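Heads up, the thing below is written out as structure tokens.
The values are calculated or read from the model by the stated rules, or taken from the named source; none is laboratory data. If you're wondering where the values come from, they're calculated on a predicted model, not measured in any experiment. Because the Cβ atoms are built from the backbone with ideal geometry, glycine has one as well, and the counts that use them run over all protein chains shown.
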Amino acid sequence: MDLSKLTIKKIHQGLLKKEFSALELAEVYLAKIKKEDKKINAFLTVSEDLAISQAKKIDETIAKQEEIPLLGGVPLAVKDIIAIKNVRATAGSKILENYIAPYDATCIKKLKEQGAVIMGKTNMDEFAMGSSTERSAFFPTKNPHDQTRVPGGSSGGSAAAVAANMSCYALGSDTCGSIRQPASFCGLVGLKPTYGAVSRYGLIAMASSLDHIGPLTKTVEDARIVFNVISGKDDLDSTSVRRFKINDSKLKIENIKIGIPKEYFAKGIDLKVEEIVRAAIKKYETLGAGLKEISLPYSTEHALATYYVIMPSEVSANLARYDGIKYGHFAKEAENLIDFYFKSRREGFGEETKRRIMLGTYALSAGYYEAYYLRAQKIRTLIRRDFDRAFKKVDVLMTPVAPTPAFKLGEKLADPLSMYLADIYMAAVSLAGLPAISIPCGKVKGLPVGFQIIGKPFEEEKIMAIAEIFEKYYTKV
Amino acid sequence: MISKDEVKHIARLARLGLSEKEIQKMQKELSLVLDYFEKLREIDISGIKPYTHAIKTENVTREDKIEKELETKTQKLLKLVPKIKEGYVKTKQVL
């Protein structure tokens, strides 16, 4: 039995039946990291001591014949933008290269209470700004399916770690596809929950109205287990909300109406990707679901442009905190205070981060606020309204995740706009704060391709249940 | 195309030091992205209210009480500060 390929429930059962111990399991994954990660570069920090001590604790609990939670002893990798007490948190940036988090993020606190075994922190684009993980200040991560290609981003390290079986599951963050797109590129399930469903406390902020934490897993079942643990209201995040219980036990495929927004299949999509995604949606029809073509006029090109106004604006405000005074990198020599700021930030931030800070500062500056930021926020209202209208007619929407499979390392680095376009199907959902899941549905020349299921706010369970219907069929083939 | 002076002005507002080369590159790249935003002018937004929250929440408050742990938390945060003098965060002279 290859222990590194097991799902959460399989691990749980194996631990209960004493087929292996939590320590043995952690050692299998640590050995795998030592061997594989030289090539893949998924991890920025491997927390070996933490993993071993957490695994031993679970083994002690088992030895005492006490119950262990479902996630107890299960190896986890965490995107380096989420704080774990006394572990380095770089957010993929030089400016936080030596930053040791003084506290646990709420999602980490919850996972630790469930006995999670933390393998380490995963690579990412600097401050989650990128779609390929090539914008990490440290090194690029490679796609385990083809090492000449990117794993997607910005949660590329998390996706590669799970795809290469160096962790059972991982946490990522999604601001505009940063969980869903790498899940698609690496053949995994990626869930972006509803805005507010998972506390952002301890998530290093990029664009606060758009940042979400969610799981990257091998199966929908695993995504559900993790989501159920990390979601819920948290006093430390005023935008988090109480979990709505929506009963979907009656979910019958014949009663499901699926909306297919035609704008997501317009020009720009790889024909093979379109074919695979359409075939996946068609499968639901043959199983009895109703399909309906709909229109969401602003949900692709306009949504992406709207996103690229709002996100940098929030970035420029959020990243103002990195001043070299309170923590993080600072300039060794400076003439005066303003020179100190200029130098500390110039040395600490990478190219893309600087570009977005500049863009956001411009969009928010006197004379441009109305033309850019305010206009974008009004279009955001229209985008949400279109979704609300669509959900009066259909239960869920199905779309591609990305226009192409994983692209080559270096392919889009020189042209920022072409990199931005990799997230064209991701932006509208993020702007509207809706839950969405990326599910593997095929391969193009050996490269995984996923499709996206979008739901109404707080209908995570519904989109996961619908995803599971396809997953059962797909893994059988 | 935005001007070089504009780029310098924005960089100053953002407290971002840029080299001459970076300013030139930024001028070109920012202009490209700003052109891309032109798409947004096609949309009629008259009478539309700007978006504020994905999920409606109002006045989220908490009880105003002192945390027991506060002191240890403060100590932990101060440990991250590069320069400290007598318990204060030290910076270059402001005035």
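Brief remarks on what is shown
- Qualifying residues in region A:339-367 (those that are buried (at least 17 other Cβ atoms within 10 Å of the Cβ) and in a loop (DSSP other than H, G, I, E, B)) - the one modelled with the lowest pLDDT: A:Ser365
- Restricting region A:340-376 to residues that are of a type in the set (Ser, Thr, Tyr) and facing another protein chain (nearest Cβ under 7 Å), the residue that is nearest to A:Asp323 (Cα to Cα): A:Tyr341
- Filter result for A:Ser131 (farther than 22 Å from A:Glu221 by Cβ and surrounded by 24 or more Cβ atoms within 10 Å (Cβ to Cβ)): yes
- Counting only residues that are outside any loop (DSSP other than H, G, I, E, B) and under 9 Å from A:Asp80 (Cα atoms), region A:114-126 holds 3 of them.
- Residue in region B:58-67 that is more than 8 Å from every other protein chain (Cβ to nearest Cβ) and surrounded by 14 or more Cβ atoms within 10 Å (Cβ to Cβ) present: no
- Search result, residues across region A:325-339 that are touching a helix residue (DSSP H, G or I) at 6+ places or on another chain (Cβ under 7 Å) and either within 7 Å of another protein chain (Cβ to nearest Cβ) or acidic (Asp, Glu) (or both): A:Phe330, A:Ala334
- Test: residue in region A:404-422 that is more than 13 Å from chain B (Cβ to nearest Cβ), assigned to a strand (DSSP E or B) and crowded, with 20+ Cβ neighbours inside 10 Å: no
- Conditions (1) buried (at least 18 other Cβ atoms within 10 Å of the Cβ); (2) more than 18 Å from A:Phe227 (Cα to Cα); (3) in contact with a Lys or Arg (Cβ under 8 Å, 6 or more places away or on another chain): number failed by A:Pro448: (3)
- Qualifying residue in region A:295-311 (condition: modelled with pLDDT of 95 or more and within 30 Å of B:Thr61 (Cβ to Cβ)): yes
- Filtered residues of region A:280-312 (kept if away from chain B (no Cβ under 12 Å) and assigned to a helix (DSSP H, G or I)): A:Ala280, A:Ile281, A:Lys282, A:Lys283, A:Tyr284, A:Glu285, A:Thr286
- Total residues in region B:11-42 satisfying the condition of being facing chain A (nearest Cβ under 7 Å), surrounded by fewer than 17 Cβ atoms within 10 Å (Cβ to Cβ) and in a loop (DSSP other than H, G, I, E, B): the figure is 0.
- Per the conditions (1) within 9 Å of chain B (Cβ to nearest Cβ); (2) buried (at least 22 other Cβ atoms within 10 Å of the Cβ); (3) assigned to a helix (DSSP H, G or I), the sole criterion not satisfied by A:Ala320 is (2).
- The residues on offer are B:Val81, B:Val94, and the sole one that is assigned to a loop (DSSP other than H, G, I, E, B) and in contact with a strand residue (DSSP E or B) (Cβ under 8 Å, 6 or more places away or on another chain) is B:Val81.
- For region B:68-95, the candidate set comprises residues that are of a type in the set (Ser, Thr, Tyr) and closer than 24 Å to A:Asn336 by Cβ; within that set, the residue that is surrounded by the fewest Cβ atoms within 10 Å (Cβ to Cβ) is B:Tyr88.
- Only one entry of A:Ala266, A:Ala207, A:Ala223, A:Ala280 meets the criterion of being under 19 Å from A:Val449 (Cβ atoms) and surrounded by 23 or more Cβ atoms within 10 Å (Cβ to Cβ), and that entry is A:Ala223.
- Checked against the criteria, A:Lys378 does not count as farther than 30 Å from B:Lys28 by Cα and of a type outside the set (Ser, Thr, Tyr).
- Taken together, A:Thr219, A:Thr239 contain a single residue that is of a type in the set (Ser, Thr, Tyr), at pLDDT below 95 and within 21 Å of the chain's Cα centre (by Cα), which is A:Thr239.
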